[in-house]
Structure formats: C-alpha cells, structure tokens
Amino acid sequence: MNFKNPKYTSKAEALKKLEKYCIYQDRCQLEARNKLASLKIYGADADEILIKLIQNNFVNEERFAKAFVRGKYKQKRWGKMLIVQKLKQKQVSEYCIKIGLQQIDESLYLENLKYLIEKKMVIISTKNNFELKNKLASYIFTKGYERDLVWVTLNQLF
C-alpha cells in the first residue's frame, strides 16, 4: 500500500501559497490563518507569514470588509444585520465593519428589500393580509434586514 506522507511546507512555500490564495480573492486574517493551519503552519511561523502578507497588502481587512459588504448586499441581497454577523464570525474588527457598511447605497438597499418582499409575496399562499405580512416579515428577517425598516416597508406596500 502506498500511503502519502504529509509533505512539509516551508515558510517560503507557505508564503507563496498564501499570496496566490489572497490574490484570487480578498481574504481576512482568519481565512489566511486557517489556510496556514491547513498547511500545518502554526505559532510564530504563522504569525510571521501573516505579518508579511499584511505588510505587502495581500491581506487587508478594510478592503476585505468593503468587498464582502458590496458582494453580499448586491448579489445575495443580504441585510445589514446578517452582513455584520458574518463579518464578526470572521473576526473582522468593528472599525473595518463600519467602513465596510459605508459601501451600502441606501436606495439600492431599499430596492433589494422591496424586491425580496415582492418575490416572496408571489410564492406565499394565504387567506389574509395579516398572515401574509407576518410570513413575509419572518422571511425578510432571515435575510438580515432591520425590524423597523421591514415593518415600515410592509405597511407601505399594503
């Protein structure tokens, strides 16, 4: 039987792999650190590589937060609350989250909300408006939109 031995990755090799990984798309520090762990690089060596990636602008949390926010609210039509939750899971700083949220165009944000409501309204079958509004609100909350904004928009549409 031929078992593959895990190949040792040197710091130089790991740095090159991480540079390619970060060039492909913006990454946060947590994602870079997880990639290093998958290469079996830990501790001081991992910290050293991460510092080099940050110094050479391969890892930039502010840029990552901006790109993440733009992508999630334009493509997936996520609300601010869900975006913030996911960024916190990636251990992005409050400052970078705040900078990222500035990428949201409020008029497009409201258009996304209305689009999601109208799209879901066609699918839901119910007998009365009260039940319909509650079902729509529950769905929109899972998309991460703020409660006040959802209820105001629903009340305008009905």
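Considering only region 142-158, how many residues are outside any loop (DSSP other than H, G, I, E, B), surrounded by 12 or more Cβ atoms within 10 Å (Cβ to Cβ) and either hydroxyl-bearing (Ser, Thr, Tyr) or touching a His at 6+ places or on another chain (Cβ under 8 Å) (or both)?
So the answer is 1.
If I ask for residues that are surrounded by fewer than 18 Cβ atoms within 10 Å (Cβ to Cβ), within 13 Å of Arg27 (Cβ to Cβ) and of a type in the set (Val, Ile, Thr), which ones from region 49-60 would you list?
The one that is surrounded by fewer than 18 Cβ atoms within 10 Å (Cβ to Cβ), within 13 Å of Arg27 (Cβ to Cβ) and of a type in the set (Val, Ile, Thr): Ile54.
Report yes if some residue within region 8-22 is open to solvent by less than 90 Å² (accessible area, probe 1.4 Å) and under 30 Å from Thr142 (Cβ atoms); otherwise report no.
No, region 8-22 contains no residue that is open to solvent by less than 90 Å² (accessible area, probe 1.4 Å) and under 30 Å from Thr142 (Cβ atoms).
Taking region 84-141, which residues are open to solvent by 80 Å² or more (accessible area, probe 1.4 Å), over 23 Å from the mean Cα position of the chain (by Cα) and acidic (Asp, Glu)?
Once the filter is applied, which keeps residues that are open to solvent by 80 Å² or more (accessible area, probe 1.4 Å), over 23 Å from the mean Cα position of the chain (by Cα) and acidic (Asp, Glu), region 84-141 yields only Glu118.
Going through Ile54, Ile41, Ile104 one at a time, which residue ends up being over 28 Å from Ala14 (Cβ atoms) and β-branched (Val, Ile, Thr)?
Residue meeting the stated conditions: Ile104.
Could you run through region 61-83 and say how many residues are crowded, with 19+ Cβ neighbours inside 10 Å and over 17 Å from Lys143 (Cα atoms)?
The qualifying residues number 3.
The values are calculated or read from the model by the stated rules, or taken from the named source; none is laboratory data. Everything quoted here is computed from the prediction, not taken from an experiment. Because the Cβ atoms are built from the backbone with ideal geometry, glycine has one as well, and the counts that use them run over all protein chains shown. In case anyone asks, the SASA skips ligands and DNA or RNA and just uses the protein heavy atoms, side chains included. Shrake-Rupley method; radii C 1.70, N 1.55, O 1.52, S 1.80 Å.
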